[in-house]
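In what follows, a structure is listed as structure tokens, so that the remarks can point back to it.
Nothing in this text is a laboratory measurement; each read-out follows from the coordinates by a stated rule. Nothing here was measured: the structure is a model prediction, and the numbers come from that model. FYI the Cβ positions are ideal-geometry reconstructions off the backbone, even for glycines, and counts take in every protein chain you see.
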Ligand code: KG4
Ligand code: ZN
């Protein structure tokens, strides 16, 4: 089965073609394997850089401009792009794309000139995310579904971040797909620019949020600290690089910079990262009094300590949740999981504490927003017949996973 997946919940325009394969029944279990035929991400970082964050109406316009070129690219890479012999007659797309005039024009041109590709379903992120951005992707998917007469599979962005770990991991699934050998219950940590959530996963589609951030998400905290330190956008990779340079430079003695680990010892599973950002702000104000400039050493020390404070809180709470809920698996997902130190420290802490918990995290390039994770999630929904007609698909900026 081939799925065309679309993701536009924030500032990346993403389309992937994912082929799913079920094979080898063994005592009721089968292996599910994904073959990512293409996974195109068109980043808007250069556009949003000057604002220090994502500007929704600008992001929406960029999605409108980018979706058709990204689709062409994704189909071409997957070997599914074929010119039509004669110009095709286009049904009326206007009612579906009336608010996306630019996209409508581009899509019309594409549909006139190319044959329907050999795909079986369309998957699209419907939420949570930035409302105007979500709607562009959703309406694009609805128009394609209407024109090609294919079902749509609506996908929750947070669930997709969890399933990013399954894209390159073969999962043994039961025939009815609800049971997965030794996988559940799982504790999932989704940590990105918009979200920080701990989720108890009892099976595919069975989620309960057990804790989440009360203010800023961890990625948002990195982005804001980077802005304070003039390191550009997105902040996470910039802070990680400064911290890495600082740590590898033996000329610099141990830093005396200390930042708080918000809520680390509280008995709930919630987070709060805005206090950490404020602590950095006060520290920088103090260090730059009387027109002083931050030294490279001070900047590096602040980055390393901010990164470590976030990692400490995330590891502590995730492992405590895994213990309390007797988790068989810990699954990480979201842009912040691209962080090298976080990956290393999670791995070593889990190995140190227990040998019988499986640990899954996505390949680095599948941590930040992409459509391959949306396609993989959609396959599991398709197994449970959770497809819909284009008429019943809507974006929901505040969609919750459980
Ligand atoms: O999942 P994602 O691409 O988008 C959302 O759903 O929000 O996550 C983006 C976030 C940004 O805040 C970015 O600063 C952070 O992930 N990020 C990182 C790294 N790469 C991206 N944070 C820390 N270290 C990284 N290497
Ligand atoms: Zn995301």
### Message
Against the condition under 15 Å from residue 335 (Cα atoms), more than 16 Å from ligand 2 (Cβ to nearest atom) and not in a loop (DSSP other than H, G, I, E, B), how does residue 226 come out, does it pass?
### Response
no
### Query
Can you pull out the residues in the stretch 193-222 that are within 15 Å of ligand 2 (Cβ to nearest atom) and touching a strand residue (DSSP E or B) at 6+ places or on another chain (Cβ under 8 Å)?
195, 196, 197, 199, 212, 213, 217, 218, 219
### Task
Kindly check whether there is at least one residue in the stretch 284-298 that is under 25 Å from residue 348 (Cβ atoms), more than 16 Å from ligand 2 (Cβ to nearest atom) and in contact with a helix residue (DSSP H, G or I) (Cβ under 9 Å, 6 or more places away or on another chain).
no
### Query
If we scan the stretch 113-131, do we find a residue that is touching a residue at least 60 places away in the same chain (Cβ under 8 Å), buried (at least 21 other Cβ atoms within 10 Å of the Cβ) and in a helix (DSSP H, G or I)?
no
## Note on the structure
The number of residues in the stretch 138-169 that are part of a helix (DSSP H, G or I) and within 13 Å of ligand 2 (Cβ to nearest atom) is 8
